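Peer 1: I have a structure I would like to understand better, so I am pasting it below and will then ask my questions one at a time.
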Amino acid sequence: MESKPSPDLEAICAAFTVDGRWVSTCPIPSGHINDTYCTKFEDGGRLVQYVNQRINHLVFREPELLMENIERVTRFAREKILAAGGDPDRETLTIVPTREGRSFHRTAVGTYWRMFRFIGGARTYDRVEDLRHVYAASKAFGRFQRMLAELPGGRLHETIPDFHHTRKRFEAFRTALEFDPTHRAAAVRPEIDFVLAREKDTGTVVDGMSAGRIPERVTHNDTKLNNVMIDDRTGEGICVIDLDTVMPGSVLYDFGDSVRLGAATAAEDERDLAKVGFDLDMFDRLAAGYLDAARDFLVPAETDLLAFSAKLLTLECGIRFLTDHLKGDVYFKIHREGHNLDRARTQFKMVAEMEKRMGAMEAVVKKYL
Ligand code: GN1
Ligand code: MG
């Protein structure tokens, strides 16, 4: 893998309104798109931590608009949390402004940086270690949707247009397959056929939305379980993070996408497919947590498709990984040869298992409605 020159984080931090003396910055190696770091400052004998992120502006083409969304969402969340007697410093992200009063800093070389306060006493989990965390995180995403239903100020910007337009994702896959720019298609015929056989599914949610049956709402759109911070002491999902894709969408995108990690028995890139599977007990916790927060505002056109959305969004993500493999790994960061293919395979294995258990999944949803 080619390595990028590491940026001068001390200089970047100097653009932001942080008190004290810069001490160190370490990379946080998670996420497939942006680059994330943890920075320590010393202020009056105390160590204070921050999160620095370089926004990938090839993926998020308009970082200014993206940050405008995040400013609106975090400002509103802060008001709501204060009104409910909560702690806004832990329950929502807090943007550290630049010395010019902006929410991001553009360097001379044209990279975009932002800084958040670090949330202490809580952490994220890349793999499920405790079923209670699954419930807690899913509930946090449901609460997040409920809160954003009241967001004033009009529609948010679409930071990535058609992000969860599954049919367009399918079409992009078919185009990549047709051109086969890296000549990888021949070696992945079973995966290609798996996708082609499911074309019909890809229109279900987007057609419901364009017909007006499925309402457009403000959604998170990247509801991996590791996008919720779990409180070390209480085990509650205290803060929803990674707000880059908060924008208009369907609740089905959020619930469906949460299942990819939240009901998986192995990591997203596990190579040993025997370890990869869909776990119904984990799905049960996801459905219970989500519906405990969201059942009051959902309409039947949404609840009818919750179980299906799990399969659909997992399929969509697999399609995106396979497309990127065919295109030569141009979108998702990879850390080894064939990484996107490995990721696609885990998603398809989960889809196949969900298809076999769709009846049981629907019964779980019904139980909590
Ligand atoms: C990307 O970078 P990260 O891990 O937050 C992707 C998601 C995918 C996810 C797969 C903007 O998210 O849509 O579900 O990888 N984000 C973007 O793990 O494409
Ligand atoms: Mg993300």
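The values are calculated or read from the model by the stated rules, or taken from the named source; none is laboratory data. From a predicted model like this one, the values you see are computed outputs, not experimental measurements. Cβ atoms come from the backbone with ideal geometry, glycine included; neighbour counts cover every protein chain shown. The area values use the complete protein model at the heavy-atom level, side chains included, leaving out ligands, DNA and RNA. Shrake-Rupley method; radii C 1.70, N 1.55, O 1.52, S 1.80 Å.
Peer 1: Got a sec? Which strands (runs of 3 or more DSSP E) wholly within the stretch 226-265 have at least 3 residues that are more than 19 Å from GLU302 (Cα to Cα), within 16 Å of ligand 2 (Cβ to nearest atom) and free of Cβ contacts under 8 Å to residues at least 40 places away in the same chain?
Peer 2: Output list is empty.
Peer 1: Could you say which residue among ASP162, ASP126 is within 17 Å of the chain's Cα centre (by Cα), open to solvent by 20 Å² or more (accessible area, probe 1.4 Å) and free of Cβ contacts under 8 Å to residues at least 12 places away in the same chain?
Peer 2: ASP162
Peer 1: Okay, next question. Can you find, within the stretch 19-36, the residue that is most open to solvent (accessible area, probe 1.4 Å) among those that are more than 16 Å from ligand 2 (Cβ to nearest atom) and within 28 Å of the chain's Cα centre (by Cα)?
Peer 2: PRO27
Peer 1: Let me ask something else about it. Being at pLDDT 95 or above and in contact with an Asp or Glu (Cβ under 8 Å, 6 or more places away or on another chain) narrows it down to one residue among MET147, MET209; which is it?
Peer 2: From the options MET147, MET209, the qualifying one is MET209.
Peer 1: Go through THR94, THR98, THR107, THR111 for me and flag whichever is within 21 Å of the chain's Cα centre (by Cα) and within 30 Å of ILE12 (Cβ to Cβ).
Peer 2: Answer to the selection: THR94.
Peer 1: If you scan the stretch 172-214, which residues turn out to be exposed (fewer than 12 other Cβ atoms within 10 Å of the Cβ) and aromatic (Phe, Trp, Tyr)?
Peer 2: The one that is exposed (fewer than 12 other Cβ atoms within 10 Å of the Cβ) and aromatic (Phe, Trp, Tyr): PHE179.
Peer 1: Test VAL240 against the stated conditions and say whether it is within 15 Å of ligand 1 (Cβ to nearest atom), open to solvent by less than 20 Å² (accessible area, probe 1.4 Å) and either among the β-branched types (Val, Ile, Thr) or within 15 Å of PHE144 (Cβ to Cβ) (or both).
Peer 2: Numbers: within 15 Å of ligand 1 (Cβ to nearest atom): yes; open to solvent by less than 20 Å² (accessible area, probe 1.4 Å): yes; either among the β-branched types (Val, Ile, Thr) or within 15 Å of PHE144 (Cβ to Cβ) (or both): yes.
The answer is yes for VAL240.
Peer 1: Would the stretch 144-161 turn up any residue that is out of contact with any strand residue (DSSP E or B) (no Cβ under 6 Å at 6 or more places or on another chain) and of a type in the set (Phe, Trp, Tyr)?
Peer 2: Scanning the stretch 144-161 turns up no residue that is out of contact with any strand residue (DSSP E or B) (no Cβ under 6 Å at 6 or more places or on another chain) and of a type in the set (Phe, Trp, Tyr).
Peer 1: Determine whether THR234 is surrounded by 17 or more Cβ atoms within 10 Å (Cβ to Cβ) and either in the same structural domain as HIS157 (by TED's automatic domain parsing) or away from ligand 1 (no atom under 14 Å from the Cβ) (or both).
Peer 2: When the stated conditions are applied, THR234 does not pass them.
Peer 1: Is it the case that the stretch 353-360 has a residue that's on the phi < 0 side of the Ramachandran plot, within 16 Å of ligand 2 (Cβ to nearest atom) and surrounded by fewer than 24 Cβ atoms within 10 Å (Cβ to Cβ)?
Peer 2: no
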